[in-house]
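Each remark here refers to the structure printed beneath this line.
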Amino acid sequence: MGILSRFESAMEKGVQGTFAKVFRSSLKPVDITSAVRKRMEEDVQEFARDHIVAPNRFVVSVSRTDYKKLEDLGLEAIASEIENTALQYAQENDYSLLGPVSVEFELGADELTGQLEISAQLERGPVAPAVSQAASTDHPIIEIEGERWLLTQPVTVIGRSVEADITIADSGISRKHLELRKTPDGVIATDLGSTNGLFVEGYKVDAATLVDGNQLVIGRTRILFRTSDEVY
């Protein structure tokens, strides 16, 4: 079995064992952040010297007691901060990711009090953070508020809804506002019947075939389109 086949097999299986850590007292967000970073480091897949893929989906199992304490602190906020830290760690180490970083919490056995278990998974998404030069040359890239995303799938939907592939917290953006579709002739940006419309290079359009360097505006948000990462 070749290296690519082994990689795809590992990705399909998803979980590659669990990472467990024991703490002397109840779990704190900093403990979980440290454990997620360590799990990412342990489960990287190396294809070449300059192409290392890291897991991007993490499920954290904790006891009911610890879950309740974390819930009181705000599970969603904790998960978001850990995701941001893990993404930064991937950027610092030039790891490629197959999709956005996600962290979920679940109830584990009661005897896990003061402990945690983490499962890690390689999960392909319609977009992926552009954290690595090696991962950035094969796909078009968009930059939104300083964050770069690879368009890895044929269609990417951008909007305010969590159902969009890329969610933007901008009240001027509709729930599903913009579609970016890869075609043999280029990437086509299409307004999805939004309230405030789509602007490309200052012109309001229903649809447009994008070229390198185009600037799109939806709501109050500017989106920069690039055909590759070579210009950065």
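Remark: Phe47 falls outside the filter, which requires a residue to be over 19 Å from Arg124 (Cα atoms), of a type in the set (A, V, I, L, M, F, W, C) and at pLDDT below 90. The residues of the stretch 81-98 that are modelled with pLDDT of 90 or more and hydroxyl-bearing (Ser, Thr, Tyr), listed by number, are Thr85, Tyr89. Across the stretch 73-113, what is the total count of residues that are out of contact with any helix residue (DSSP H, G or I) (no Cβ under 9 Å at 6 or more places or on another chain), of a type in the set (S, T, N, Q) and closer than 18 Å to Glu41 by Cα? Qualifying residue count for the region: 3. Taken across the stretch 76-91, residues that are assigned to a loop (DSSP other than H, G, I, E, B) and either of a type in the set (A, V, I, L, M) or touching a residue at least 40 places away in the same chain (Cβ under 8 Å) (or both) do not occur at all. Inside the stretch 54-75, residues that are in a strand (DSSP E or B) and more than 13 Å from the chain's Cα centre (by Cα) make up a count of 4.
Counting just the residues of the stretch 206-223 that are in contact with a strand residue (DSSP E or B) (Cβ under 8 Å, 6 or more places away or on another chain) and more than 21 Å from Pro154 (Cβ to Cβ), which one comes out modelled with the lowest pLDDT?
That would be Gly213.
Do you know which of the residues in the stretch 49-82 that are buried (at least 18 other Cβ atoms within 10 Å of the Cβ) and of a type in the set (D, E, K, R) is nearest to Gly114 (Cα to Cα)? Restricting to residues being buried (at least 18 other Cβ atoms within 10 Å of the Cβ) and of a type in the set (D, E, K, R), the top hit is Asp66.
The values are calculated or read from the model by the stated rules, or taken from the named source; none is laboratory data. Since the structure is predicted, the reported quantities are computational estimates derived from the model, not experimental observations. Don't worry about glycine lacking a Cβ; one is built from the backbone with ideal geometry, like all the others, and counts go over all protein chains shown.
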